[in-house]
Protein chains: 2
Amino acid sequence: MTTTAPAEPYGADSDQTRAEVDSALGAFLADKARAAAGQRMPGEVTALLADFLAAGGKRIRPLLCLTGWHVAGGRGHPLPVVRAAAGLEMFHAFCLIHDDVMDRSDTRRGRPTLHRTLAARHAAGRTVTAAQRLGAGTAVLIGDLALTWADELLHTAGLSHKQLTDVLPLLHAMRTEVMYGQYLDVTATGTPTADVGRALAICRYKTAKYTIERPLHIGAALAGAEQTLLDSLSAFAIPLGEAFQLRDDLLGVFGDTAHTGKPALDDLREGKATVLFALALRHATRTQANRLRPLLGHRDLTHDQAATARDIITATGAVHHVETMITERYAQALHHLRTAPLEPASIRLLHDFADTAVRRTA
Amino acid sequence: MTTTAPAEPYGADSDQTRAEVDSALGAFLADKARAAAGQRMPGEVTALLADFLAAGGKRIRPLLCLTGWHVAGGRGHPLPVVRAAAGLEMFHAFCLIHDDVMDRSDTRRGRPTLHRTLAARHAAGRTVTAAQRLGAGTAVLIGDLALTWADELLHTAGLSHKQLTDVLPLLHAMRTEVMYGQYLDVTATGTPTADVGRALAICRYKTAKYTIERPLHIGAALAGAEQTLLDSLSAFAIPLGEAFQLRDDLLGVFGDTAHTGKPALDDLREGKATVLFALALRHATRTQANRLRPLLGHRDLTHDQAATARDIITATGAVHHVETMITERYAQALHHLRTAPLEPASIRLLHDFADTAVRRTA
């Protein structure tokens with residue numbers, strides 16, 4: 001492993017990387033569609049999955065995978081590494097599709113969620129309830145296929161035996177972590193409490209490790225990184241990822257739908273176990289808590305009630321508190337970055353990413 | 001690849017193989033439980049998955065994987081092959097758990113299905129509907145973990161690079177086939193028609209390839225089998241697997257609950273797109289069809305109504321027709337077996353399996 005600077009700052013060509021990743025995903029799904037057409041298999045599976053991937057998404061995980069690759073001394077964008085990065089995006093499609101079913105979300109990336117689309121498509125001859133159940137079932141199956149195909153993208157990427165051996169334990173860890181994180185999340189959702197520790201554990205597994213740390217690790221491992229470099233990346237990635245999720249929690253309640261593509265009602269209606277809600281409940285006066293509790297997890301929350309919930313959450317000081325946590329974690333991430341055994345160009349690269357991640361509005 | 005006879009007839013020690021596979025599954029899950037305990041991850045995931053695996057199951061796929069290994073000249077039960085076979089059983093747990101959620105089945109292996117168990121466990125403080133939804137969501141997640149862990153069992157099995165390279169395309173094919181088969185199945189369920197071709201396609205993907213052909217292929221590939229042997233195994237496995245599923249369809253309607261562990265009402269209540277129902281609808285008189293249609297897919301079907309449906313199905317000649325199809329396919333499988341380039345001991349082994357598979361009552 002070497003940690004010399006990338007030949008050119010990687011951040012400059014993220015549009016190109018996105019295009020390469022999307023091209024790898026498109027080619028893979030086109031192959032799958034051709035195979036299905038020859039075997040009496042339903043063509044809507046690959047078509048809907050391609051639509052889902054094309055509908056948007058920031059491609060953060062593939063970009064961070066390529067960033068990890070560069071930071072650990074990888075050069076250029078070799079196809080095997082791009083396909084491995086594309087596998088992370090396919091895995092992410094699996095996560096989002098299953099999460100949306102579990103959360104019963106109506107929209108994703110400004111469009112109906114996949115289970116809603118499928119329910120509408122298979123509505124003929126069925127009751128509304130039966131169509132909704134079928135929508136959920138088929139969405140789970142398309143998610144299962146995305147998970148399996150994420151594997152297949154990696155295994156057919158043309159990686160060396162050493163690359164595969166280095167990367168598989170990290171990939172298995174990533175998958176187990178995000179699934180456990182989701183498990184903690186869905187079992188806590190609907191019954192929000194003042195348990196900030198549990199909310200932070202969800203935040204760490206579902207986001208800090210899954211979205212930031214593991215993609216960096218996987219890219220770095222593909223370039224032959226040793227454990228010390230992986231540890232340095234963790235010291236940067238975990239606080240940054242927590243800051244990222246805390247920002248997401250704020251956007252989920254106070255964000256602008258036009259930017260996020262999601263109504264700022266879902267977290268409130270679901271009663272998600274976020275750090276924001278846990279802090280609000282912990283610091284609320286008795287009167288505030290009595291008014292806030294019935295609003296969190298209220299499935300038919302109106303826009304007026306949501307505005308009331310936002311006012312109470314702000315009045316408890318929770319918003320300010322979360323902003324402070326974001327600032328602290330951001331500073332911590334940058335401190336670890338400055339003291340990491342990395343080349344200046346790598347530090348600049350990760351610094352740019354950290355800025356974008358924490359200051360985003362969507 | 002060699003096709004000399006196994007040193008000892010493999011069928012003789014299937015109990016030992018089951019014990020070895022179960023021991024590999026148990027050790028793997030015990031490791032996962034220890035890791036979870038150290039990381040604030042919910043311990044019920046591994047406990048429930050271990051319970052699910054311990055509750056029963058014939059271990060057909062691992063046994064056939066070892067059979068394929070022997071037929072292709074493998075000797076003994078080396079741990080890497082046993083762990084790969086255990087990975088097939090873990091994958092199967094994933095399939096059953098997700099299928100039960102999609103089919104909304106109440107029981108599996110004579111016990112409440114996993115999503116029912118989880119709904120009961122998380123009932124406190126939730127409405128019945130909310131608890132059921134949470135049960136379904138967490139069961140989907142435990143299934144996702146089983147799918148990921150099936151991978152991990154294979155990748156940490158200690159297989160050689162060549163073994164892994166030979167086996168992965170077969171494994172990917174198997175996963176895609178069974179998921180597409182399930183997709184065809186759930187979209188057809190509830191609206192049974194006289195489309196025998198569609199019912200047979202589901203039968204082929206969900207069972208013939210998934211339960212028989214691919215496990216044999218995977219075991220044979222682990223022993224270095226070439227394509228000609230895989231093709232011979234397919235010529236035996238596909239008709240046998242169809243016969244196996246046709247038997248399952250009969251048992252699903254006419255079987256004895258005490259033997260199958262499943263009430264003989266589920267297929268009727270769900271209105272599954274089985275060959276049995278398709279044939280019954282195709283050959284029914286107008287009067288029979290008018291009486292049968294509303295019973296297929298009737299969620300609250302009583303035992304008396306089920307008895308009526310059984311009588312009509314029998315009267316159409318569909319049961320006799322399915323028995324004939326089973327006999328024909330069984331004969332076809334045995335014909336291919338006799339003419340296959342296999343050693344006598346291998347032929348005997350597969351012949352024994354065919355007998356057991358088609359004559360079973362559970």
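The values are calculated or read from the model by the stated rules, or taken from the named source; none is laboratory data. These numbers were taken from a predicted model, which means no experiment stands behind them. A quick note on method: Cβ atoms are made from the backbone with ideal geometry, for glycine too, and the neighbour counts reach across all protein chains shown. In case anyone asks, the SASA skips ligands and DNA or RNA and just uses the protein heavy atoms, side chains included. Shrake-Rupley method; radii C 1.70, N 1.55, O 1.52, S 1.80 Å.
For the stretch A:103-116, which residues satisfy the criterion of being within 14 Å of chain B (Cβ to nearest Cβ), surrounded by fewer than 23 Cβ atoms within 10 Å (Cβ to Cβ) and part of a helix (DSSP H, G or I)? Don't jump to the end; show me each part of the working.
Within the stretch A:103-116, the first condition is being within 14 Å of chain B (Cβ to nearest Cβ), and the residues that meet it are A:103-105, A:114-115.
Checking the rest, the ones that are also surrounded by fewer than 23 Cβ atoms within 10 Å (Cβ to Cβ) come to A:103-105.
Of everything in the stretch A:103-116, just one residue is within 14 Å of chain B (Cβ to nearest Cβ), surrounded by fewer than 23 Cβ atoms within 10 Å (Cβ to Cβ) and part of a helix (DSSP H, G or I), namely A:Asp103.
Cβ-Cβ distance below 6 Å, separation of 6 or more or different chains: which pairs start in the stretch A:79-105 with a residue that is without any contact (Cβ under 8 Å) to a residue 40 or more places away in the chain and end on one that is assigned to a helix (DSSP H, G or I)?
Pairs found: A:His92/A:Arg61.
If B:Arg75 satisfies every condition in (1) assigned to a helix (DSSP H, G or I); (2) surrounded by fewer than 13 Cβ atoms within 10 Å (Cβ to Cβ) but one, which is the exception?
Looking at each condition in turn, B:Arg75 falls short on (1).
Please state which of the following conditions B:Leu279 fails to meet, knowing it meets all the rest: (1) closer than 19 Å to B:Thr187 by Cβ; (2) under 24 Å from the mean Cα position of the chain (by Cα).
Exception for B:Leu279: condition (1).
Among all residue pairs at least 6 apart or on different chains, which show Cβ distances below 7 Å where the first residue, located in the stretch B:329-343, is in a helix (DSSP H, G or I) and the second is of a type in the set (D, E, K, R) and open to solvent by less than 90 Å² (accessible area, probe 1.4 Å)?
B:Arg329/B:Glu242
Go through the stretch A:314-352 and report how many residues are over 26 Å from A:Leu250 (Cβ atoms) and open to solvent by 60 Å² or more (accessible area, probe 1.4 Å).
Looking only at that region, the number is 6.
So, in the stretch B:140-170, how many residues would count as being facing chain A (nearest Cβ under 9 Å) and open to solvent by less than 30 Å² (accessible area, probe 1.4 Å)?
Residues meeting the conditions: 13.
Looking at A:Arg34, A:Arg40, can you tell me which residue is exposed (fewer than 14 other Cβ atoms within 10 Å of the Cβ) and among the basic types (Lys, Arg)?
Details: A:Arg40 fails: exposed (fewer than 14 other Cβ atoms within 10 Å of the Cβ).
Checking each option against the conditions leaves just A:Arg34.
Could you tell me which of the residues B:Ala258, B:Ala357 is assigned to a helix (DSSP H, G or I), out of contact with any helix residue (DSSP H, G or I) (no Cβ under 8 Å at 6 or more places or on another chain), at pLDDT below 95 and within 29 Å of B:Gly57 (Cβ to Cβ)?
On the way: B:Ala357 fails: out of contact with any helix residue (DSSP H, G or I) (no Cβ under 8 Å at 6 or more places or on another chain).
None of the others qualify; the one that does is B:Ala258.
Checking B:Lys206 against (1) modelled with pLDDT under 95; (2) in contact with a Gly (Cβ under 7 Å, 6 or more places away or on another chain); (3) open to solvent by less than 20 Å² (accessible area, probe 1.4 Å); (4) not aromatic (Phe, Trp, Tyr), which test does it fail?
(3)
Within the stretch B:117-128, count every residue that is loosely packed, with under 15 Cβ neighbours inside 10 Å and at the interface with another protein chain (Cβ under 10 Å from one of its Cβ atoms).
Going through the stretch B:117-128, the residues loosely packed, with under 15 Cβ neighbours inside 10 Å turn out to be B:120, B:124-125, B:127-128.
Adding the requirement that they be at the interface with another protein chain (Cβ under 10 Å from one of its Cβ atoms) leaves B:124-125, B:127.
Of the residues in the stretch B:117-128, 3 are loosely packed, with under 15 Cβ neighbours inside 10 Å and at the interface with another protein chain (Cβ under 10 Å from one of its Cβ atoms).
In the stretch B:177-186, is there at least one residue being more than 7 Å from every other protein chain (Cβ to nearest Cβ) and open to solvent by 20 Å² or more (accessible area, probe 1.4 Å)?
Pass one, the stretch B:177-186, residues more than 7 Å from every other protein chain (Cβ to nearest Cβ): B:177-178, B:181, B:185.
Those left that are additionally open to solvent by 20 Å² or more (accessible area, probe 1.4 Å): none.
No, the stretch B:177-186 has no match at all.
Do you know which of the residues in the stretch A:187-211 that are more than 20 Å from A:His98 (Cα to Cα) and more than 11 Å from every other protein chain (Cβ to nearest Cβ) is nearest to the chain's Cα centre (by Cα)?
A:Ala199
Based on this model, can you work out whether A:Leu230 counts as more than 10 Å from chain B (Cβ to nearest Cβ) and either open to solvent by less than 10 Å² (accessible area, probe 1.4 Å) or of a type outside the set (A, V, I, L, M, F, W, C) (or both)?
no
When B:Phe277 is evaluated against the numbered criteria (1) more than 14 Å from chain A (Cβ to nearest Cβ); (2) assigned to a loop (DSSP other than H, G, I, E, B), which criterion, by number, is the only one it fails?
With (1) more than 14 Å from chain A (Cβ to nearest Cβ); (2) assigned to a loop (DSSP other than H, G, I, E, B) applied to B:Phe277, the lone miss is (2).
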